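Okay, so here's the structure we're looking at.
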Amino acid sequence: MKIVFSSSVAWYVFNFRLDLLRSLQKDGHEIYTVATYDNYAKKLVACGITFITLKVNNNKTNPLQDILLIFRYFKIYKSIKPDLICHNTIKPNIYGTLAARLLNISVVNNISGLGTVFIKRSFLTIIAIQLYKFSQKFAKIVIFQNKHDQKLFNDMNIVSLNKTRVINGCGVDTSEFKNSHKFRQENFTFLFVGRLLKDKGILEFIEAAKRIKRQHTKVKFQVLGAFCPQNRSAIHMNQMNEWVADKVVDYLGFTDQVKTVMENANCLVLPSYREGLSKALIEGSSMSLPIITSDTPGCKDVIVDHETGFLCQIKDSNDLFLKMEKILKLSPDQLVNMGNAGRMRAESLFDVKDVISAYKSAIMST
């Protein structure tokens, strides 16, 4: 079978779907990727995946450009003649699906998160809802990463429940992401992993860090993540430079070797406003890290409050501060037990082999 995976950027496909694509290749399927070109396009090609460039701007809405985007998808899909197209992220899910409909090609869409347009309700939210309602009628299957997003789309009559599935994100290789932590109470390290967006809760992380440092001078705070200057919710480099200069945090830049950074942390923190299903959180769980994250869809689905970590209130730096204080008061044994409980949860719910199996099952049912 000839299968296209279409997303906004090559980075997304490489970081979130590469294991699935490789598995499908081993099964004998011919795999194509359609996305905006970036440094990860070459990595996909090196894996034997045909890459076709299509610029998709997820951060701006222009009706004329969006109509033209449908025809660009149409042209590419017509030339490939795939048996199936799998879309990820909002514009491919909408406009790619409409193009596929014109060609009568089966579509499986993945709602990997609702993004800024749903977090900050506005006129754009209304437009997005109507576009989703129209386009998802033509999808064979719509996959969600948490049951809350699935219910929201069903309650809003965007998509009927009988064509939906819930699959636990992209999964984690639990055989690779594993670690036996020796907790360092003297230089305890809180690690934030995520794109540098306000919607990820980075401002709350910084405010809580400032308060903790007044009382615990040896506690460290690290930030790992990429700048996204075109995003409406972006944190800019000069702001990060100020936090580093004030010795609030250590900025670690961006790396594909997340495991190495997590090995040197004591607690993973992601006070995000909403997620599909956070890859960082399931990787941290697999690494036996205690976690502090928001009581919000896509975050609360990963941890068990007071068992594998602590939930904090969304957009509440004071509550985040209090949960950090709770973590610091735990004994080394309690921290190890919390991390081990998270590891067991990752093995049972988020192992990449199970996620691939569920995704293949959805694809083959079309």
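The values are calculated or read from the model by the stated rules, or taken from the named source; none is laboratory data. The structure displayed is predicted, hence computed values, not measured ones. A quick note on method: Cβ atoms are made from the backbone with ideal geometry, for glycine too, and the neighbour counts reach across all protein chains shown.
For the condition of a type in the set (A, V, I, L, M, F, W, C) and not in a helix (DSSP H, G or I), Val34 qualifies. For region 142-175, the set of residues classified as over 19 Å from the mean Cα position of the chain (by Cα), in a loop (DSSP other than H, G, I, E, B) and within 23 Å of Phe350 (Cα to Cα) consists of Ser175 only. Being touching a Ser or Thr at 6+ places or on another chain (Cβ under 8 Å) and outside any loop (DSSP other than H, G, I, E, B) is the filter here, so list the residues in region 212-226 that pass it. Answer for region 212-226, where residues must be touching a Ser or Thr at 6+ places or on another chain (Cβ under 8 Å) and outside any loop (DSSP other than H, G, I, E, B): Lys220, Phe221, Gln222, Leu224.
Checking Val269, Val302 one by one, the residue that is over 16 Å from Phe205 (Cβ atoms), among the β-branched types (Val, Ile, Thr) and in contact with a helix residue (DSSP H, G or I) (Cβ under 9 Å, 6 or more places away or on another chain) is Val302 and no other.
Considering only residues that are touching a residue at least 12 places away in the same chain (Cβ under 8 Å) and either out of contact with any Ser or Thr (no Cβ under 9 Å at 6 or more places or on another chain) or assigned to a loop (DSSP other than H, G, I, E, B) (or both), which ones fall in region 37-56? The answer is Tyr37, Asp38, Asn39, Tyr40, Lys43, Cys47, Gly48, Ile49, Leu54, Lys55, Val56. Gly28 satisfies every condition listed in (1) part of a helix (DSSP H, G or I); (2) exposed (fewer than 15 other Cβ atoms within 10 Å of the Cβ) except (1). Being surrounded by 17 or more Cβ atoms within 10 Å (Cβ to Cβ), of a type in the set (S, T, N, Q), modelled with pLDDT of 95 or more and in contact with a Ser or Thr (Cβ under 6 Å, 6 or more places away or on another chain) is not true of Ser285. Restricting Val355, Val336, Val302 to residues that are farther than 22 Å from Ile235 by Cα, aliphatic (A, V, I, L, M) and assigned by TED's automatic domain parsing to the domain that holds Arg165 narrows the list to Val355. Scan region 258-271 and tell me whether some residue there is in contact (Cβ under 8 Å) with a residue 24 or more places away in the chain, assigned to a loop (DSSP other than H, G, I, E, B) and farther than 24 Å from Trp11 by Cβ. Yes, the conditions are met somewhere in region 258-271. Taken as a whole, region 41-55 holds no residue that is surrounded by 14 or more Cβ atoms within 10 Å (Cβ to Cβ), aromatic (Phe, Trp, Tyr) and within 18 Å of the chain's Cα centre (by Cα).
Apart from one condition, His306 fits all of (1) buried (at least 21 other Cβ atoms within 10 Å of the Cβ); (2) without any contact (Cβ under 8 Å) to a residue 60 or more places away in the chain; (3) within 24 Å of His216 (Cα to Cα); (4) of a type outside the set (Val, Ile, Thr); the exception is (1). A count restricted to region 9-40 and to residues that are small (Gly, Ala, Ser) and more than 19 Å from Gly96 (Cα to Cα) stands at 2. Taking the conditions (1) touching a helix residue (DSSP H, G or I) at 6+ places or on another chain (Cβ under 9 Å); (2) in a helix (DSSP H, G or I) in turn, Ser79 satisfies each one other than (1). For region 232-264, filtering for residues that are more than 18 Å from Glu283 (Cβ to Cβ) and under 20 Å from the mean Cα position of the chain (by Cα) leaves 4. Note on region 97-141: among residues that are part of a helix (DSSP H, G or I) and of a type in the set (S, T, N, Q), the one that is modelled with the lowest pLDDT is Thr116. Scanning region 272-285 for residues that are in contact (Cβ under 8 Å) with a residue 24 or more places away in the chain and part of a helix (DSSP H, G or I) returns Lys279, Ala280, Ile282, Glu283, Gly284, Ser285.
A Cβ distance below 6 Å, combined with a sequence gap of six or more or placement on separate chains, defines the contacts here; from region 144-157, residues that are under 14 Å from Asp301 (Cβ atoms) reach residues that are among the aliphatic types (A, V, I, L, M) and surrounded by fewer than 22 Cβ atoms within 10 Å (Cβ to Cβ) in the pairs Phe144/Val166; Lys147/Val166; Gln150/Val166. For region 56-92, a tally of residues being within 22 Å of the chain's Cα centre (by Cα) and among the charged types (D, E, K, R) returns 2. Of Thr89, Thr61, all but one fail to be in contact with a Ser or Thr (Cβ under 8 Å, 6 or more places away or on another chain) and either at pLDDT below 95 or over 30 Å from Arg232 (Cα atoms) (or both); the exception is Thr89.
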